[in-house]
Amino acid sequence: MSQNKRWWHRFSSMKMGLFLLLAISIASAVGTVIPQKLPEGPVSLLMGILHLWDVYHSWWYIALLSLLALNLLACSFGRLKPMLVGTKRSHHLLGVQEITKLKYNTLFTLPGKLDGAKVLVESLFTRQGYKVWSEPDTGKVKMGADRGRFYVLGSFITHISFLVILLGVFYGGVFGCKGVIDAAVGSTFDLTEVPGLERISREDSIQVRVDDFWIERYDNGSPSGYFSRLTILEKEQPVKTETLGVNAPLAYKGIKFYQSNWGQLAKIIVNRADGTLLQQGAANEGEILRVLGTDYSVLVYRYHFPSGGTMDETSIVYAIYKGDQPAGMGKAQFNQPVLLGDEGNTFAFTGLVPFTGLQVKKDPGVPMVIMGSLLMLLGIGSTVWLKPRKIWVVLEQQGETVIVTLGGVSHKNSKMFAEDFSCLVEELKATAKLTAFNHSIKEAQ
Amino acid sequence: MNSCENMAFMVTFISYSVAMVFYLLYFVSRKTGAGKLATTTAGIGWIANTMALLVRSINAGRLPFANGYEFLLAFAWGTILVYLWFEYRHKFKTAGLFVLPLAWLLLAYVAVKIPVEQKLIVPLMPALKSHWLSVHVATAVIAYGAFALSFGLAIMYLLREREDIDNRPGRERLIERLPDAELLDELSYKTIMFGFFFMALVIVSGAIWAEQAWGSYWCWDPKETWSLITWLIYGGYLHARLTHGWRGRPAAVLAVIGFVAVLFTFFGVNYLLAGLHSYA
């Protein structure tokens, strides 16, 4: 074997596959122990190189998966030819001597004629799901039967299905995108405004209007569902209005909208020193509004609802930043102007508005992943439930009885095949006895 | 938990306990009567277990798959279902001695460790309101049941094999009453194949559901990841067996490791790691 061939042989081996399975299992387990988010503060060298805060998207995890995919590909196609040969029905027959050399074989006699015995064997085997073929010889009949010959394809289908799934994941990763937006009720947003969805083509401009958001509750007050009614607009014309909820996303042209959050946004206006409007916006608790044309920004820190008071008495705790530096903080009621920097700009919170948090996603890989999953179930299912078996029989007439030589093989579960094999023999004998008995009754009548 | 359900739970627990005693008696005495009693009491226990789940379904107006308590009850139910089917199919009773204690332990855990407030019927949170919940959990019950059985068989194999190695002639020992090691090995393999298929169903149904509920078919949530790890371990078992001839001892050890991973996926992840699966 040349160096290259030996290397290839080793790479496409099952040992390599098993090693990769083990490595992926360990790596996956590591990802469940280390928190999977970017740590605050400095990152250690090991963490940095191995990307341990995002194991499943790290270069080495993806490399392991790719290696496994290659190994599977090599492994599967290397065995494809003998596998396909295995699924072909050979129709070959064995003689008495060959049958007695099989691991499971037996010899017994049945009363009656050759033809009757042949029909008996045929009908019993067919009932048990075998395909039967036969060939008459002088004074004897040779028979063969098999079932579950597609069993060998099961593992091939399973392995290929895994590759289909990975391909779907890859395809979705490259051509898909995903983003989250908190959209106030009554507002309209363009898909390209959703952070993370910039990749969506600007040409087929799709806009979404949030018509409503509501919560339904059980009698005990706990929420039973969160719902948003959205209208999709194309070229500013409404094309679809639908209500979506948890477990019931809205789909439009391959883009799916999911209910993922809810709450209230603080409405903010920023005025210039002369009182003219500079900017209007909204932000959730913990979010920052950047003021256009300045290096100031406002952090909406927390809403403060006075106990027993009215909504009008709500105040908002804020912080002002100039660049990265804090430049002040305080608490403001609605419509109470707050000075923003030296230029005389002011901002004010004008009220709270309910919003719906939507996850917007485009993943063209999903159909491929689903197809791969179904293929995988088909593949595993056929290795679980198909029982590959081959049986050969020779029937020979001797006087008033038929000598039956029967033997079989199975690639799977030989101990259990032994059990089935002896059951088959017993059933054959019992049916023969019953037939002979019925026959004698008929003759007596 | 109302009194009817409580009663069904008690009957289940007592029946499984009594069945364990009968399985032990059968194992020691080889008396057919003890064997029959063992199967009958296990069967009664299973029917009571079914009743407990049924009463809960009726009271809650949904299948009993929504929290840890309900799932443990269903896990015990699945384990006994798979075991009884196996006993019927292979006419092989000694395995009961090794499988029933697992279901018993699950119920004992429910009785001792789960506080009453976690047993209350609570309405489903919005994320769980899906038909996929039933498919996902029902397949998990069967998969876990099969893995529990394969674990019992692997333990039996390890005991039997040790006995075969230091076999001293002239002494009949209890362990020798276990079935032939080769048969145990094959049965354990067959059960794992079965469980492997159902685990694949669990993962696929979970992925389809997650695509609807969380917006992504795979989120690397710890429970998700650990179910994948469990599945990969059993996948490794099947491969090592088929092409490396890993039968007998190494296969049995791997089957035990696989079941430890199952238990970790169920218990460990809930108590040690936080994630999206916080409800089960």
Problem set entry | Condition check for B:A210: in contact with a Cys (Cβ under 8 Å, 6 or more places away or on another chain), within 11 Å of chain A (Cβ to nearest Cβ) and under 27 Å from B:V137 (Cα atoms) | yes
Exercise. What is the number of the single condition among (1) buried (at least 16 other Cβ atoms within 10 Å of the Cβ); (2) closer than 30 Å to A:S315 by Cα; (3) small (G, A, S) that A:G372 does not meet?
Worked result: (2)
For this session: Restricting attention to strands (runs of 3 or more DSSP E) lying wholly within region A:285-348, give those where 2 or more residues are out of contact with any helix residue (DSSP H, G or I) (no Cβ under 9 Å at 6 or more places or on another chain) and more than 22 Å from A:D182 (Cα to Cα).
Result: A:315-322, A:325-333, A:338-340
Problem set entry | Listing of strands (runs of 3 or more DSSP E) fully contained in region A:138-251 that carry 2 or more residues being farther than 30 Å from A:R127 by Cα | A:177-184, A:188-190, A:206-217, A:223-234, A:237-245
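Please find, among A:E198, A:E135, A:E193, the residue that is surrounded by fewer than 19 Cβ atoms within 10 Å (Cβ to Cβ), acidic (D, E) and touching a strand residue (DSSP E or B) at 6+ places or on another chain (Cβ under 6 Å). Steps first, answer last, please.
Numbers: A:E198 fails: touching a strand residue (DSSP E or B) at 6+ places or on another chain (Cβ under 6 Å); A:E193 fails: touching a strand residue (DSSP E or B) at 6+ places or on another chain (Cβ under 6 Å).
Exactly one of A:E198, A:E135, A:E193 is surrounded by fewer than 19 Cβ atoms within 10 Å (Cβ to Cβ), acidic (D, E) and touching a strand residue (DSSP E or B) at 6+ places or on another chain (Cβ under 6 Å), namely A:E135.
Can you tell which of A:G78, A:G129 is within 30 Å of A:L166 (Cα to Cα), surrounded by fewer than 16 Cβ atoms within 10 Å (Cβ to Cβ) and in contact (Cβ under 8 Å) with a residue 12 or more places away in the chain?
A:G78
Is it true that B:T191 is within 13 Å of chain A (Cβ to nearest Cβ) and in contact (Cβ under 8 Å) with a residue 40 or more places away in the chain? Show your work before the answer.
On the way: within 13 Å of chain A (Cβ to nearest Cβ): yes; in contact (Cβ under 8 Å) with a residue 40 or more places away in the chain: yes.
So B:T191 fits the description; yes.
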Exercise. Within region A:390-401, can one find any residue that is surrounded by fewer than 16 Cβ atoms within 10 Å (Cβ to Cβ), farther than 30 Å from A:Q280 by Cα and of a type in the set (D, E, K, R)?
Worked result: yes
Exercise. Under 6 Å by Cβ, and 6 or more places apart or on different chains, what pairs join a residue from region B:219-239 that is outside any helix (DSSP H, G or I) with one that is surrounded by 22 or more Cβ atoms within 10 Å (Cβ to Cβ)?
Worked result: none
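Hey, among the residues in region A:349-379 that are part of a loop (DSSP other than H, G, I, E, B) and of a type outside the set (D, E, K, R), which one's farthest from the other protein chains (Cβ to nearest Cβ)?
Ranking the candidates gives A:P364 first.
Here is a yes/no grid of residues against (1) surrounded by fewer than 20 Cβ atoms within 10 Å (Cβ to Cβ); (2) in the same structural domain as B:A154 (by TED's automatic domain parsing); (3) over 22 Å from the mean Cα position of the chain (by Cα); (4) closer than 24 Å to B:Y271 by Cα:
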| position | (1), (2), (3), (4) |
| --- | --- |
| B:M199 | no, yes, no, yes |
| B:G215 | no, yes, yes, no |
| B:C219 | yes, yes, yes, yes |
| B:K223 | no, yes, no, yes |
| B:W231 | no, yes, no, yes |
| B:Y234 | no, yes, no, yes |
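Please determine, by comparing only the residues of region A:37-94 that are among the β-branched types (V, I, T) and within 14 Å of another protein chain (Cβ to nearest Cβ), which one is farthest from the chain's Cα centre (by Cα). I'd like the intermediate steps shown before the answer.
First, pick out the residues of region A:37-94 that are among the β-branched types (V, I, T): A:43, A:49, A:55, A:62, A:85, A:87.
This time we only want the ones that are within 14 Å of another protein chain (Cβ to nearest Cβ), so: A:55, A:62.
Working: A:V55: 19, A:I62: 17 Å.
Here the answer is A:V55.
Yes/no per residue for (1) in the same structural domain as A:N247 (by TED's automatic domain parsing); (2) touching a residue at least 60 places away in the same chain (Cβ under 8 Å); (3) farther than 30 Å from A:L197 by Cβ; (4) among the basic types (K, R):
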| position | (1), (2), (3), (4) |
| --- | --- |
| A:M329 | yes, no, yes, no |
| A:Q333 | yes, no, yes, no |
| A:V338 | yes, no, yes, no |
| A:D342 | yes, no, yes, no |
| A:P354 | yes, yes, no, no |
| A:P367 | no, yes, no, no |
| A:G372 | no, yes, no, no |
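From B:T139, B:T243, which residue is part of a helix (DSSP H, G or I), within 14 Å of chain A (Cβ to nearest Cβ) and either buried (at least 23 other Cβ atoms within 10 Å of the Cβ) or free of Cβ contacts under 8 Å to residues at least 60 places away in the same chain (or both)? Can you show your working first?
Working: B:T139 fails: either buried (at least 23 other Cβ atoms within 10 Å of the Cβ) or free of Cβ contacts under 8 Å to residues at least 60 places away in the same chain (or both).
After applying the criteria, what remains is B:T243.
The values are calculated or read from the model by the stated rules, or taken from the named source; none is laboratory data. Being a predicted model, the structure only gives us computed values, none of them experimental. Please note: Cβ atoms are built from the backbone with ideal geometry, for glycine as well, and neighbour counts cover all protein chains shown.
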